[in-house]
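Each reported figure results from applying straightforward, stated rules to the coordinates on display, with no laboratory input. In this text the structure is predicted, and so the values were computed from the model without any measurement. Here Cβ is always computed from backbone atoms with ideal geometry, including for glycine, and neighbour counts include all displayed protein chains.
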Amino acid sequence: VFKEYPILGTTSMNASKAALASVKQGKYLAFHEALMDAKGRLTEKNIFRTAEDIGLDIDKLKKDMESKEVKDALEANRKLGKKIGARGTPSFVIGDKLYPGALPVDQMKELIAKEREALKK
């Protein structure tokens, strides 16, 4: 499960709003992956170029970015992040433990496997 958690200022907030707004056009995962793969510094121009490249309607995206639904989702994510102690991105919750920062894929797979085993007991 992805949770948008903007912590790096206005551009981070705009990217998060755009990602959440892209859900209305059925392109959240494609947009998220495209933003993560984007080269260079994240700017508002790059956010909308990326959105356009994957086929999002930019006018609709901009309108949806300012919707109550998007604002409420970001506020809920902020509260959740605070509650679990997330201080940065990425952060991962596996079971009931928070893992801040990027994790190597092998380590993440191992942690998930251990958690699944623990649930079987």
Just one of [x] 47, 29, 23; [y] 51, 28, 25; [z] 51, 35, 30 is Cα extents along the principal axes in Å as worked out from the coordinates here. Which one is it? [y]
Mind listing which chymotrypsin sites (Phe, Trp or Tyr not before Pro) in the stretch 1-65 are in a DSSP loop and have 12 or fewer other Cβ atoms within 10 Å? Phe2
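What number, in percent, do you get for the relative contact order of the stretch 76-121 if the mean sequence gap of Cα pairs under 8 Å and at least 6 apart is divided by its residue count? Walk me through the intermediate numbers first.
On the way: 28 pairs, mean separation 11.7, N = 46.
For the stretch 76-121, the relative contact order is 25 percent.
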What is the angle, in °, between the Cα long axis of helix 105-120 and the longest principal axis of the Cα atoms in the chain? Nearest 10 is fine, range 0 to 90. 60 degrees
Note: Ala38 to Leu111 extended length (0.36 nm per residue) minus current alpha-carbon separation gives 23.4 nm
Relative contact order (percent) for the chain, with alpha-carbon contacts under 8 angstrom and 6 or more residues of separation? 23 percent
